[in-house]
Amino acid sequence: MADANEHSQRRGPIKSSVGNIAANRRRQQAVTVGKERREALVRTKRLCRDGIVNDDDIDNLGDGDKYMMIDEEQTALDEQTTQAVQLLKSDLNSQGAGSKTKRVEAIRDLRRLLSKSEIPPVEAALKAEVIPALVQCLAFGSPDEQLLEAAWCLTNIAAGEPEQTKSLLPALPLLIAHLGEKSSIHVAEQCAWALGNVAGEGEELRNVLLSQGALTPLARMMLSNKGSTARTAAWALSNLIKGPDPTASSELIKIDGVLDAIVRHLNKADEELATEVAWVVVYLSALSNLAASMLIKSDLVQILVWRLATSDSLKLLIPVLRSLGNLIASDSHKTYVLTAGHDITENVILALVKCLRCEHRVLKKEAAWVLSNIAAGTLAHKQLIYSSEAAPLLLHLLSAAPFDIRKEVAYALGNLCVAPVEGNGQPNIIPDHLISLVTRGCVPGFVNLVRSADIEAARLGLQFLELVMRGMPDGEGPRLVEKEDGIDAMERFQFHENEELRILANGLVDKYFGEDYGLEE
């Protein structure tokens with residue numbers, strides 16, 4: 001998706017006769033990706049156990065102390081946390097020799113408690129009014145050790161429930177301020193981590209962070225050649241720009257050095273950093289036409305294809321594939337991304353074939369979506385897919401894959417059978433492709449889509465059956481559809497509440513199976 005007024009879904013002619021179904025796929029995918037699987041929830045917020053720097057005391061805790069606690073221990077932990085907050089407040093008011101050391105020790109004790117359990121005692125700390133104390137600890141001129149420990153505490157509070165995360169509102173200006181170049185790198189990274197957790201909570205807090213100027217300093221941190229700094233900043237940025245408003249994505253890509261850093265990190269970085277940067281690209285390419293155009297004009301597509309072809313890391317492959325799909329689906333893809341006959345286009349097909357063969361359903365689904373958009377291109381693009389290993393794999397998945405994958409596969413196969421057409425007119429058929437795919441057994445899969453409760457899938461199935469009945473030679477199409485119980489599938493729409501499908505299905509039945517059907521036999 002592009003900007004707010006842009007609704008382009010590049011699946012092409014097979015869809016043109018029924019309008020812009022699922023037009024907001026790229027934007028919706030970007031906004032809702034966090035709801036798709038538990039791994040994404042872990043990505044959104046992260047509890048900081050080991051911190052930016054090593055902590056021997058944390059390392060020396062037993063595994064049971066680190067992660068699991070029974071109810072009695074949790075109650076004791078809550079009490080200890082309340083006492084630790086009260087002690088910190090007292091030390092903040094103390095003066096004289098040793099007061100700074102005592103203050104740091106008090107914050108460190110609190111941080112250990114907030115890092116200790118699978119369910120940290122955040123609520124107990126908040127009830128003890130810990131936030132004002134931690135905000136005071138973030139004051140400029142404080143020792144770096146104190147700043148680091150305070151930001152660490154806030155990081156773990158922000159990793160909690162929504163209301164717990166919102167409690168950080170008074171601390172946000174100082175957390176952002178400590179991202180600056182005058183801060184130590186460890187303090188800046190920990191503040192970025194805390195802000196990433198806040199941004200991961202939702203649109204309301206993202207808007208607060210953006211209004212307070214968090215975007216630019218985080219972007220500058222992502223330019224760093226230090227892996228942990230760039231990685232933390234990229235993760236926080238991916239939470240900050242994830243939409244639905246495209247403004248932040250458009251602003252990010254315009255910041256000097258950001259595009260170069262994205263290309264550099266994806267090309268040369270280890271897989272952990274490349275993964276975080278790839279998620280930034282997912283949201284940039286999904287939400288902003290400007291960002292997508294700039295990314296396409298760089299070397300990024302070639303790098304994404306290389307990563308897709310060579311990596312076995314699922315964490316990296318998912319955002320890389322989604323980024324590639326977004327860029328190919330953008331308005332500029334025909335001009336800049338894939339030119340039939342070029343090596344990069346053929347390499348894309350090979351990489352997508354790899355994904356279709358894998359066992360992970362997300363990769364299969366996304367690969368089919370990307371192929372459907374390539375298949376919506378020129379005749380040369382269609383021929384490239386049709387003559388590749390992708391075609392038999394798509395046919396197999398149409399009959400054997402889960403429903404969501406079958407629907408994406410159906411778009412790809414449908415687009416292979418129709419020639420590019422201007423406007424929303426009836427698509428022209430590519431006879432060789434249609435006859436071959438029908439002969440190889442694709443009709444039952446499309447009839448099953450017609451029978452589905454999913455309106456988009458049923459519409460797609462009806463469209464393809466129309467191609468079959470119109471395009472197969474010697475009037476064979478209606479007989480093939482009848483053989484697979486296609487008439488019964490279409491007649492279920494005779495009184496359907498969806499007017500568009502009702503008219504489409506009834507029109508096909510009347511046209512191809514009217515009073516004269518079968519008389520010549």
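The values are calculated or read from the model by the stated rules, or taken from the named source; none is laboratory data. In this text the structure is predicted, and so the values were computed from the model without any measurement. Cβ coordinates were reconstructed from backbone atoms using ideal geometry, including for glycine residues, and neighbour counts include every protein chain displayed. Side chains included, ligands, DNA and RNA excluded: accessible areas come from the protein's heavy atoms. Shrake-Rupley method; radii C 1.70, N 1.55, O 1.52, S 1.80 Å.
Listing for the model above:
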read-out: Considering residues of segment 339-383 that are assigned to a helix (DSSP H, G or I), open to solvent by 40 Å² or more (accessible area, probe 1.4 Å) and closer than 22 Å to I430 by Cβ only, the residue modelled with the lowest pLDDT; value: E346
read-out: Residue match in segment 250-257 (condition: open to solvent by less than 10 Å² (accessible area, probe 1.4 Å) and over 20 Å from the mean Cα position of the chain (by Cα)); value: no
read-out: Candidate set from segment 478-500 (those that are of a type in the set (K, R) and closer than 23 Å to T439 by Cβ); member that is nearest to the chain's Cα centre (by Cα); value: K483
read-out: Helices (runs of 4 or more DSSP H) wholly inside segment 451-521 containing at least 1 residues that are without any contact (Cβ under 8 Å) to a residue 60 or more places away in the chain and of a type in the set (S, T, Y); value: 499-512
read-out: Residue match in segment 267-279 (condition: surrounded by fewer than 22 Cβ atoms within 10 Å (Cβ to Cβ), within 15 Å of R220 (Cα to Cα) and free of Cβ contacts under 8 Å to residues at least 60 places away in the same chain); value: no
read-out: Near pairs, Cβ below 8 angstrom, 6+ apart or cross-chain, from segment 424-450 (under 13 Å from V409 (Cβ atoms) and part of a helix (DSSP H, G or I)) to any residue that is open to solvent by 40 Å² or more (accessible area, probe 1.4 Å) and of a type outside the set (G, A, S); value: G445/R406; N448/R406; L449/R406
read-out: Flag for E251 being part of a helix (DSSP H, G or I) and over 26 Å from P173 (Cβ atoms); value: no
read-out: Neighbours by Cβ (under 9 Å, 6+ apart or cross-chain): first from segment 158-179, of a type in the set (V, I, T); second modelled with pLDDT under 95; value: T165/K45; T165/A159; T165/G200; T165/E201; T165/G202
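Here is a yes/no grid of residues against (1) in contact with a helix residue (DSSP H, G or I) (Cβ under 6 Å, 6 or more places away or on another chain); (2) surrounded by fewer than 21 Cβ atoms within 10 Å (Cβ to Cβ); (3) farther than 13 Å from M472 by Cα; (4) among the acidic types (D, E):
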site	(1), (2), (3), (4)
F403	no, yes, yes, no
V409	yes, no, yes, no
D432	no, yes, no, yes
G441	no, yes, yes, no
